[in-house]
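Working notes for the structure below.
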Amino acid sequence: MERYVQTLEYLKTAAKRGSKLGLERITELCRLLGDPQNETKIIHVAGTNGKGSFSAMLSHILRASGYVVGTFSSPALTGVTDSFRINCREISLNVLDWVMCDVIPAAESMDDKPTEFEVLTAAAYELFRRVDCNVAIIECGMGGDTDSTNVVESPLLSVITNVALDHTAFLGETVRDIARHKAGIIKEGRPVLYGGTDLDAFEVITVAAFEKNAPLSVTDHFRTLGTSTGINGTEVEFDGFGKARVPLIGTYQIYNIANVLTAVELLRREGLDIPDEAIRRGLSETKWHGRFELLSSDPVVIFDGAHNPDGIRQAAASICQCFGGGKVALLVGVMADKEYGLYPSILGQYVSRAFTVKPDNPRALESSVLAREFTRAGIEAQSFTDFGEGVRAAYSYAKESGLPLIALGSLYMYSEFCEELGKIGVQ
C-alpha cells in the first residue's frame, strides 16, 4: 500500500472522532512537533464570510512580491490536499505524506486523540515550517477562540473579515456572541484588522483589542471610489492604490478587495516589502474556487457556496448585478442545520425554476424538504434523490431556456457538482 493511502485512511479514522472545540488537543499535538506554529510569520484570518477570497488575493499579492507563501483553508473543495497551498499551488499527496509521517505518530501517542481538523491544522503548521515559508495565511475553521488554528502566540496580523450569523448552535444566537468567538484570535500587542460593517461586532472587537493592547484597524469601505463587477471579473478603484482588477466575480468581492488592500497597508508597517506593481499583478492573477465561480459560459454556469444568511443575500445581489435582475435556473443543496428557508425568501424573485439536491454529507438536508420550501413560496421546484440527475436536469433546463444556471449551497457539493458537469461535457 502506498504511504499516502495510509495517510488518507488515517484521516478517515480521525474524522470519525467528530468535531470538538477547544485547544487542549491541538496544543499538545503542536508541542509534540516542536511548536511549528510559532516558527513562521502567520496571518490569522477569521470571519463569517470572505476568508477564502481574502486569503487567495493576499497570497497572490505576497507571492508576486517575492515571498514564499503558505495557505491553509477549509473546507477542502476537491480533496484533502486542496487545503494546503505553497505559493498558491496545491500540494501533492506525496508532500502531505512527507509531513504526516511525523504528525500521525505524534497524534497517536496522545491519550486524547485529535480530530481530523486538528491533525490537518498541525500538518499545515509543520509543512510551512519545513518548506521555510516567509509567511503563511491561516484560515479559522469555525469561530476563533476555540478553533484549532488558534495556537499561534504572536501572529504578524490577525484579520476578522466580517461577522454575521452562522454556526449559531456552536457560536451563539447573536452577532455579539459570534463576534466574541472571532475576537478570540486577537493576541497581546499584535495588530488586528476588522473588515466588517456590523456595529455590534465592532464594539465587541474593540473591547477585545483594548484588553489585549492590540492595535485595531478598521477597513474604510468609503475609500472604494468606483466599482464594476460582472461575469468577467471585478474592478475597483481604492483610494491610495488606484485601480485594480480581480478575475473573481460577485458583488462581495468589492468588500474583500478593500479588506485585502487595507491589510497590505498594515503588513507594510510590519516590515513586508509589497510593491504597488505586485499588488496589481497579484490581484489580476488570483484564482479561487466555489465563490460565485464561472464554470461555463454557454450556458452560463456559476457555483457559489452561499450557505448562511449573509452569503445568500450577497448571492442575490450578485445575481441582480450580473444578470440585470432577470430570471435564473437555481440548483441548491444545503446542510440541514442551515436556514434553508431563506433561499426562496431572498432569491425567489430571480428564480425561474429550482432544482434541489442532497449533497454527499451526513448532515445534508433531504432534497424534498428543500423543494417544499420553494413550492410554498410559489416557485416551481423539483427535488432529486440522485445528485447527478438533478445536475443534468438543471443544466438541460438552463440550456433550453437560455437562462444562467446558478448552483448555491454547501461547499461540500462543489467537487461532485463539477464532476457531474464534466460528465455532460462541460469543461
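The values are calculated or read from the model by the stated rules, or taken from the named source; none is laboratory data. Everything numeric in this text was worked out from a predicted model, so none of it was measured. Ideal geometry is used to build each Cβ from the backbone, glycine not excepted, and the neighbour counts take in all protein chains shown.
The table below gives the values:
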item: Residues satisfying the stated conditions in the stretch 331-355, i.e. under 14 Å from His307 (Cα atoms), surrounded by 15 or more Cβ atoms within 10 Å (Cβ to Cβ) and touching a strand residue (DSSP E or B) at 6+ places or on another chain (Cβ under 7 Å); result: Leu331, Val332, Gly333, Val334, Met335, Tyr343, Leu347
item: Condition met for Ser74 (touching a Ser or Thr at 6+ places or on another chain (Cβ under 6 Å), assigned to a helix (DSSP H, G or I) and more than 12 Å from Leu29 (Cα to Cα)); result: no
item: Some residue of the stretch 281-294 being part of a strand (DSSP E or B), surrounded by fewer than 22 Cβ atoms within 10 Å (Cβ to Cβ) and basic (Lys, Arg); result: no
item: Qualifying residue in the stretch 126-133 (condition: touching a strand residue (DSSP E or B) at 6+ places or on another chain (Cβ under 8 Å), buried (at least 23 other Cβ atoms within 10 Å of the Cβ), in a helix (DSSP H, G or I) and modelled with pLDDT of 95 or more); result: yes
item: Top-ranked residue of the stretch 393-408 - restricted to ones that are part of a helix (DSSP H, G or I) and in contact (Cβ under 8 Å) with a residue 40 or more places away in the chain, ranked as surrounded by the fewest Cβ atoms within 10 Å (Cβ to Cβ); result: Ser401
item: Any chance Gly189 is farther than 29 Å from Glu24 by Cα, modelled with pLDDT of 95 or more and outside the structural domain of Val301 (by TED's automatic domain parsing); result: no
item: Failed item, numbered, when Thr27 is tested on (1) out of contact with any helix residue (DSSP H, G or I) (no Cβ under 9 Å at 6 or more places or on another chain); (2) not in a helix (DSSP H, G or I); result: (2)
item: Flag for Val159 being part of a loop (DSSP other than H, G, I, E, B), at pLDDT 95 or above and either assigned by TED's automatic domain parsing to the domain that holds Glu24 or touching a Lys or Arg at 6+ places or on another chain (Cβ under 9 Å) (or both); result: no
item: Which listed residue, of Leu347, Leu405, Leu330, is more than 23 Å from Lys423 (Cβ to Cβ), touching a helix residue (DSSP H, G or I) at 6+ places or on another chain (Cβ under 7 Å) and assigned by TED's automatic domain parsing to the domain that holds Val300; result: Leu347
item: Scan of the stretch 214-230 for residues that are touching a residue at least 40 places away in the same chain (Cβ under 8 Å) and surrounded by 16 or more Cβ atoms within 10 Å (Cβ to Cβ), ordered by number; result: Ala214, Ser217, Thr219, Thr229
item: Members of the stretch 109-125 found to be farther than 14 Å from Lys12 by Cα and either assigned to a helix (DSSP H, G or I) or in contact with a Lys or Arg (Cβ under 6 Å, 6 or more places away or on another chain) (or both), listed by number; result: Asp112, Thr121, Ala122, Ala123, Ala124, Tyr125
